Amino acid sequence: MKQVLELWRRAGAEPSVTDDPGSLRRRLRRDRKLFLLAWDRGRLVGTLIGGWDGWRGHMYRLAVDPGCRRSGIARRLVANVEARLQELGAVRIDGIVVSRNTAASTFWREIGYQRHVEVARYVKDLHP
């Protein structure tokens, strides 16, 4: 868990209230097959978490080590999660992207995703 959190910090991922070992362990217990990690010679260099609610597929926490970007890691992670979600029955998949992350927005458009301008995401933190 520590390596995942460290990668997210190195990659400049947007901090979240669930960036802690306990939350990551809970997520792994729920659906390990959709929590993908990319390794290079024993070093964690990429992550992507997929989610399936029985209705739609979701992807979030795509992160690649800055020194390993532009090498196809993100594309391979996304393709792998897409395939797994499709096997589960997904016909639509969304990728959660922080709107001010222009590099991420460009990446998702380049691989065929369109920004949904009519849908906003609302969140509520439930912890004290």
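The values are calculated or read from the model by the stated rules, or taken from the named source; none is laboratory data. Since we're looking at a predicted model, the values are computed, not measured. No Cβ is skipped: glycine too gets one built from the backbone with ideal geometry, and neighbour counts run over all protein chains shown. Calculation scope for accessible area: heavy atoms of the full protein, side chains included, ligands and nucleic acids excluded. Shrake-Rupley method; radii C 1.70, N 1.55, O 1.52, S 1.80 Å.
Between residues in region 33-44 that are on the phi > 0 side of the Ramachandran plot and residues that are open to solvent by less than 20 Å² (accessible area, probe 1.4 Å) and not in a strand (DSSP E or B), which pairs lie under 7 Å by C-beta distance while being six or more apart or on different chains?
Pairs found: none.
Among the residues of region 101-128, which ones are farther than 24 Å from Trp55 by Cα, of a type in the set (A, V, I, L, M, F, W, C) and open to solvent by 50 Å² or more (accessible area, probe 1.4 Å)?
Within region 101-128, Ala103 is the sole residue that qualifies.
Taking the options Trp55, Trp39, name whichever one is farther than 16 Å from Arg9 by Cα and part of a loop (DSSP other than H, G, I, E, B). Spell out the reasoning first.
On the way: Trp39 fails: part of a loop (DSSP other than H, G, I, E, B).
Matching residue, one of Trp55, Trp39: Trp55.
In region 90-114, how many residues are aliphatic (A, V, I, L, M), touching a strand residue (DSSP E or B) at 6+ places or on another chain (Cβ under 9 Å) and not in a loop (DSSP other than H, G, I, E, B)?
Selection size over region 90-114: 2.
Here's the yes/no breakdown for (1) in contact (Cβ under 8 Å) with a residue 40 or more places away in the chain; (2) at positive phi; (3) loosely packed, with under 14 Cβ neighbours inside 10 Å; (4) polar (S, T, N, Q):
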position: Pro21; (1), (2), (3), (4): no, no, yes, no
position: Asp31; (1), (2), (3), (4): no, no, no, no
position: Thr47; (1), (2), (3), (4): yes, no, no, yes
position: Asp53; (1), (2), (3), (4): no, no, yes, no
position: Tyr60; (1), (2), (3), (4): no, no, no, no
position: Ala74; (1), (2), (3), (4): no, no, no, no
position: Ser99; (1), (2), (3), (4): no, no, yes, yes
